[in-house]
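Below is one structure, written out as structure tokens; the observations come after it.
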Amino acid sequence: MITYLKERKHYEDRYDDITISVCRSQERICVDAFHEAKKKLKPLTGKYKDRDPVHELKRAVNLHYYFMVEWTAGERWEKRDTEIQKMMAVDEAKDEQIANARLSSEPECMHCGKTGLRIISKDLMHRGEHYKHDDPEEVLIMLECPACKKRSAYWEDGEVWERLTTKCPKCRAVMQETTRRAAKVITTTYSCPDCNHTYKDKLDLNRPKKPEEKPDPEYENDKKRFCLSDEAGKKYLEARRNWENAQSVLEEMKERQDNKDVYDAVKEMKKPKIAELTPLLSEPLQKAGYTEFHLDKPEIGRDVYIGFSCLDSKSDREDYDSRKTLKKLVEKTLEDTNWRLMSDGISYRLGYLNGRIRAYESEEDLKNLVTTSKKIKPKRKTATDSANAYRMKDNKGRDIIL
């Protein structure tokens, strides 16, 4: 009976073989791209006109080699233990599936009809002729009859296994097969019972064996280069963290440079303290006929919220107009600050009005306020190219601009 789960070294070797193959492929892309780009080299122009184009090309390719080859080797090292465990788990699950497979009822011999059949093998196979590669495998149980010594096969759910049949190429009827063997040549004759079409198929077991594959002379050297040691793997992780941090800093600097007007507006935005809100709001409200402006106790958590209230001193101003006027006044007064009227708006009852305002403090929130109120559109990232850029193809055929 087949056992799928192997020693861990078997999976380690499999994983390392894939790592070497992937890194070799990436390395080949870089080398081929370098030679192809070198044929098309032209003198550099502009501020780079005094530089050697071959030297600059090498610098560009070396940088890309680092990310395509050395970076890939580092990623493969990082995932190695996890992927090996996954491979082992898959094979272990197959062994468990076979071990747990049982026939739901005792079958009869397909040939003599007797019972007491003995299990001689269990195998994982795909059921049916037109299965897909990712279809689950099922257990096929082979049994031998102690009476007639012939064998029968059943799927674990009790369904009889049906051998694949050959259909007539002319009328699609099932062909009858007869097999004869002479020395190491097996001849199978196929005969159609409907249209009498026949043909023969020979299997010659005397074929010469394929020559043994010669050992790969560069395998061990490439294994040292691409299958990183733990020490080299830790250096890769540190280098990757440094690179990611540097990228983050550069992207932030570029974003700030591209959106300088937004950040300048954030810097210039007034950010009144809570104690400054009363004089800030009460004066324009007083002029518009709203008296006894009062701030509630602040609600301080992740954000700061403050309720406020006032009285409408104009007796002829109706509910809707009073709320609408106060809302416009508060919004206009706070427009150049980091405070905003809450979305629940203004409430009105018998000339008593109240609402809530909120403080925005994070830089991202302040940027959103600026882009909304000042109508400043932040610039989007754009891909840059130049006439002197070098291009290469990656393993998916996509252009790489260096």
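The values are calculated or read from the model by the stated rules, or taken from the named source; none is laboratory data. Remember, predicted model here, so these are calculated numbers, not experimental data. A quick note on method: Cβ atoms are made from the backbone with ideal geometry, for glycine too, and the neighbour counts reach across all protein chains shown. Surface areas here come from the heavy atoms of the whole protein model, side chains and all, with no ligands, DNA or RNA. Shrake-Rupley method; radii C 1.70, N 1.55, O 1.52, S 1.80 Å.
Distance between the C-alpha centers of segment 304-339 and segment 238-295? Whole Å please.
Using only Cα atoms to place each centre, the spacing works out to 23 Å.
Please provide three numbers in whole Å: the alpha-carbon extents of the chain along the principal axes, with the largest listed first.
115, 72, 50
Say the dipole of the chain comes from +1 at the beta carbon of Lys and Arg and -1 at that of Asp and Glu; which of PRO298, ILE2, LEU350 then lies farthest toward its positive end?
ILE2
Using alpha-carbon pairs under 8 Å, 6+ residues apart, how would you state the relative contact order of the chain in percent?
13 percent
Hey, which lysines would be in cross-link range of LYS42, C-alpha to C-alpha under 21 Å, not counting anything within fewer than 8 residues on its own chain?
Straight-line reach from LYS42, under 21 Å: LYS58, LYS393.
Evaluate the charge dipole of segment 1-157 about its Cα centre and quote only its size in Debye, nearest 20, assuming +1 on the Cβ of each Lys and Arg and -1 on the Cβ of each Asp and Glu.
In total the dipole reaches around 900 debye.
Could you report the accessible area of GLU27 in Å², rounded to 10, computed with a 1.4 Å probe on the protein chains as they sit in the structure?
40 Å²
With a 1.4 Å probe and all protein chains in place, put THR179, THR19 in order of accessible area, largest first.
If we order THR179, THR19 from most to least accessible, we get THR179, THR19.
To the nearest 20 Debye, how big is the dipole of the chain about its Cα centre, given +1 on the beta carbon of each Lys and Arg and -1 on that of each Asp and Glu?
With only Lys, Arg, Asp and Glu charged at Cβ, the dipole is about 1580 debye.
Over all directions, what mean area does the Cα convex hull of segment 241-348 project, stated in square nanometres?
That works out to 9.6 nm², a quarter of the Cα hull's surface.
With a 1.4 Å probe and all protein chains left in place, how much of the accessible area of the chain comes from carbon and sulfur atoms, in whole percent?
Ligands and nucleic acids excluded, carbon and sulfur give 49 percent.
Using the beta-carbon distance between SER347 and ASP261 and R0 = 45 Å, what value does 1/(1 + (r/R0)^6) give for FRET efficiency, to the nearest 0.05?
0.75
Quickly work out the ALA147-to-ALA93 label distance, labels modelled 7 Å from Cα along the C-beta direction, and quote it in nm with one decimal.
4.1 nm
For the chain, what is the accessible area per residue in Å², given a 1.4 Å probe and the full set of protein chains?
71 Å²
Return the subset of LYS260/LYS328; LYS270/LYS367; LYS273/LYS324; LYS170/LYS200; LYS79/LYS234 for which the Cα-Cα distance in this structure is over 18 Å, preserving the input order.
Violating the 18 Å limit, Cα to Cα: LYS260/LYS328; LYS273/LYS324.
Roughly what would the spin-label model give for ARG241 and GLU318, points 7 Å off Cα along C-beta, in nm?
6.7 nm
Given GLN247, THR166, ALA147, which one lies farthest toward the positive end of the charge dipole of the chain, if we put +1 on the Cβ of every Lys and Arg and -1 on the Cβ of every Asp and Glu?
THR166
Label 7 Å along Cα→Cβ of LEU164; segment 80-124 residues with amide nitrogen under 16 Å?
124
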